[in-house]
Every structure is written in C-alpha cells, then in structure tokens.
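Report on the following structure.
The values are calculated or read from the model by the stated rules, or taken from the named source; none is laboratory data. Treat the numbers as computed from the prediction; the structure is a model and nothing was measured. Using ideal geometry, Cβ is built from the backbone for each residue, glycine included, and neighbour counts are taken over all protein chains shown. Each accessible area value is taken on the protein alone, full model and side chains, heavy atoms only, with ligands, DNA and RNA left out. Shrake-Rupley method; radii C 1.70, N 1.55, O 1.52, S 1.80 Å.
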Amino acid sequence: MHHQKMIVLGLVAIGKKYGFEIEEFIARTDMTRWAEIGTSTIYKVLKDLELDGALCGRKVAGDKGPARTEYALTAHGRRQLNTFILDALKSDRTARLDRLSGLFFAPLLPKSEGAAALERTVIQLNNACDALQDQLSSNKGDIIADAIIQFYIDLLDAEIRAIEKVYKIFK
C-alpha cells in the first residue's frame, strides 16, 4: 500500500490536484503495468492521505456539475513522500514495483539526498548482478537455470541504465 500512497503523493507533488487528473495521468502513462493502482484505489488513498494530514483537500466549485476536491501536499505529506521514495529505492528485489515507483518520483527528492539514494541503489544492483554472474559461471550447464539467471541479469542491467538516466537530473 505504501507504493500507492507514494504514487498519489508524488502525482499531487508534480501538480495533479484532482482525483480525475491523477486517474487520467495513470491511464495515459499506462502506469498500471507496474503499479497496482486503479480508480477506486486512487480515491481511497486520497481520502486516507487527507485523514492522515499528508494532503489538504478543499472543495472547489466546478464549471459543470458538483464541486470537486482539490488536493495539496502538506509539510507532513512532503516528509512522508520523501520517506516512501527513499524506502522504495532501498528495495533489494529485482524489478520491484516499489523501486520503480521510487525511481519515477526520485526527482522530487532534495538533490543531495536523491543522488545519494540512486548511487546506493546502483551499487546494490551491481552487487546483485555480480553475484548472479558468479552463479551463472559456476552453473553446470543447466540451460533453463542459465536462461533464468541471464533474465535476471538483463533485468538488473535495464534497471541500472534507467537509474543512470534519472541520475542525470541530479548533476
């Protein structure tokens, strides 16, 4: 559930003020491929974050139809978002939804903190890749095992390349 909160807080932080804007952004970017978040979840998370004090909601009269709720990040919400991003980037599991979510919102972190977190993540992924390479070279020619190990090595390499691209924002 934390990655869902991080996604909603992150989208509010980048200027998506209304539930329908968040919903539209998630649909447009096909975010549901890697994030377990749907329409009903968005509105539940918005309400939960508002009750928690991470978001401040206020009713705004609409041009057509009923008033809608406009959300803004509070100072508590900013701290919570930063914590979620940092925790997500610490994930030690390959191609995890939470780490991908953290990478997506990493540019919202303070520059030094974001750069350091991404550097640690790359080191962690390189270490995992090295361990898999060792495992692959010591494998006794099991084609299926080799294929699975190589798959994870390729995933790690792809994650590292993506992180390195995002890291350029912090330079």
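Residue check: is A106 small (G, A, S) and surrounded by fewer than 17 Cβ atoms within 10 Å (Cβ to Cβ)? So A106 does not fit the description; no.
Within the set of pairs 6 or more residues apart or between chains, which connect a residue that is touching a residue at least 24 places away in the same chain (Cβ under 8 Å) inside the range 126-150 to a residue that is not in a helix (DSSP H, G or I) with Cβ atoms less than 9 Å apart? That search, which allows pairs on different chains as well, returns A128/D92; A128/T94.
When the residues of the range 1-24 are filtered to those that are out of contact with any strand residue (DSSP E or B) (no Cβ under 9 Å at 6 or more places or on another chain) and assigned to a loop (DSSP other than H, G, I, E, B), the one that is surrounded by the fewest Cβ atoms within 10 Å (Cβ to Cβ) is G15.
Look at the range 96-113: where a residue is charged (D, E, K, R) and a partner is at pLDDT below 90 and open to solvent by less than 60 Å² (accessible area, probe 1.4 Å), sitting 6+ places away or on another chain with Cβ atoms under 6 Å, you get D98/H3; D98/A88; D98/S91; R99/A88; R99/S91; K111/F170.
Scan the range 33-77 for residues that are part of a helix (DSSP H, G or I) and either open to solvent by 80 Å² or more (accessible area, probe 1.4 Å) or of a type in the set (A, V, I, L, M) (or both) and jot them down. R33, S40, I42, Y43, K44, V45, L46, K47, L49, L51, A75 - these are the residues of the range 33-77 that are part of a helix (DSSP H, G or I) and either open to solvent by 80 Å² or more (accessible area, probe 1.4 Å) or of a type in the set (A, V, I, L, M) (or both). Considering (1) among the aliphatic types (A, V, I, L, M); (2) surrounded by fewer than 18 Cβ atoms within 10 Å (Cβ to Cβ); (3) assigned to a loop (DSSP other than H, G, I, E, B), the lone condition that A27 does not fulfil carries the number (3). Of all residues in the range 131-168, those satisfying the criterion of being modelled with pLDDT of 90 or more and open to solvent by 90 Å² or more (accessible area, probe 1.4 Å) are R161, E164, K165, K168. Just a yes or no: is a residue in the range 116-130 within 30 Å of T83 (Cα to Cα), outside any helix (DSSP H, G or I), open to solvent by 50 Å² or more (accessible area, probe 1.4 Å) and at pLDDT 90 or above? Looking through the range 116-130, none of the residues is within 30 Å of T83 (Cα to Cα), outside any helix (DSSP H, G or I), open to solvent by 50 Å² or more (accessible area, probe 1.4 Å) and at pLDDT 90 or above.
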